[in-house]
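Worksheet for the structure shown next.
The values are calculated or read from the model by the stated rules, or taken from the named source; none is laboratory data. Not measured: the values here are computed from a predicted model. Here the Cβ positions follow ideal geometry from the backbone for every residue, glycine too, while neighbour counts run over all protein chains shown. To get the accessible areas, we keep the full protein, side chains included, count just its heavy atoms, and leave off ligands, DNA and RNA. Shrake-Rupley method; radii C 1.70, N 1.55, O 1.52, S 1.80 Å.
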Amino acid sequence: MMRMPLGEYRKKRRFTKTPEPKGSPAVRRKSAGNLFVVQKHRATALHYDFRLEANGVLVSWAVPKGPSLDPSQKRLAMAVEDHPLDYARFEGTIPEGEYGGGTVMVWDIGTYDLEDDEDFATAYKKGRLTFTLHGKKLKGRWSLVHTGGTRQWLLFKRTDRYASKDVDITVDKPRSVLTRRLLATIAREGGGDVEKAASGDPH
Ligand code: MN
């Protein structure tokens, strides 16, 4: 992160083909600095993209199983390229054959507060981020811990009143927080592969 702002993001995409944002400086100027978003993404495989704003970009991880409210369920989170801030409200279809081709839903959005006095870059470098989420679905304390390789982290809930062993939040709350749509509807309305998208909805 932060070596080449959005260079990797732009290199992977053809903006003549994909409706994804290129990254607007105006959005960057307006932001309060502590946005978080989770995007449910039915690409080659279903995953949840977990993004935290830092230094003008969305630092990002792909979480195959999605977040769990159960502190004992530590979920693999693969670090991926930084995304532009205006990506946070992107919901729609990426054409098949393009990078990340499939359907994207804004599954949760809100703000976050880093736990300790360290700044984000320092905590990231140490491989340990603890923060409080103020989302519509995800609340309370969470951690991201770097476990190995260059990209492997774990995302997990910390014990507090928002933790739960009983609720599977991804099954319980499957809809977009922006439009209340399921993946299949987003795909249908965006001219995407409806059957493929529907396989990511609970059934
Ligand atoms: Mn993704």
Number of the exception - residue 63 against (1) open to solvent by 40 Å² or more (accessible area, probe 1.4 Å); (2) within 23 Å of residue 182 (Cα to Cα); (3) modelled with pLDDT of 95 or more: (1)
Residue that is surrounded by the most Cβ atoms within 10 Å (Cβ to Cβ) [pool: residues in the range 178-203 that are among the hydrophobic types (A, V, I, L, M, F, W, C) and part of a helix (DSSP H, G or I)]: 183
Counted residues, the range 133-177 - those being touching an Asp or Glu at 6+ places or on another chain (Cβ under 6 Å) and either in a strand (DSSP E or B) or among the hydrophobic types (A, V, I, L, M, F, W, C) (or both): 5
Every residue from the range 96-132 that is open to solvent by 20 Å² or more (accessible area, probe 1.4 Å) and either in contact with a Gly (Cβ under 6 Å, 6 or more places away or on another chain) or farther than 30 Å from residue 15 by Cα (or both): 113, 114, 115, 116, 117, 118, 119, 122, 125, 126, 128, 132
Any hit, the range 87-100, residues being among the polar types (S, T, N, Q) and closer than 18 Å to residue 74 by Cβ: no
Among (1) open to solvent by less than 40 Å² (accessible area, probe 1.4 Å); (2) under 27 Å from residue 118 (Cα atoms), the one test that residue 21 misses: (2)
All positions within the range 133-151 that are open to solvent by 20 Å² or more (accessible area, probe 1.4 Å) and either on the phi > 0 side of the Ramachandran plot or among the small types (Gly, Ala, Ser) (or both): 148, 149
Which listed residue, of 96, 91, is under 21 Å from residue 199 (Cα atoms) and at pLDDT below 95: 96
Within the range 42-60, tally of residues that are more than 17 Å from residue 129 (Cα to Cα) and surrounded by 21 or more Cβ atoms within 10 Å (Cβ to Cβ): 3
Residue tally, condition at negative phi and not in a helix (DSSP H, G or I), over the range 111-132: 14
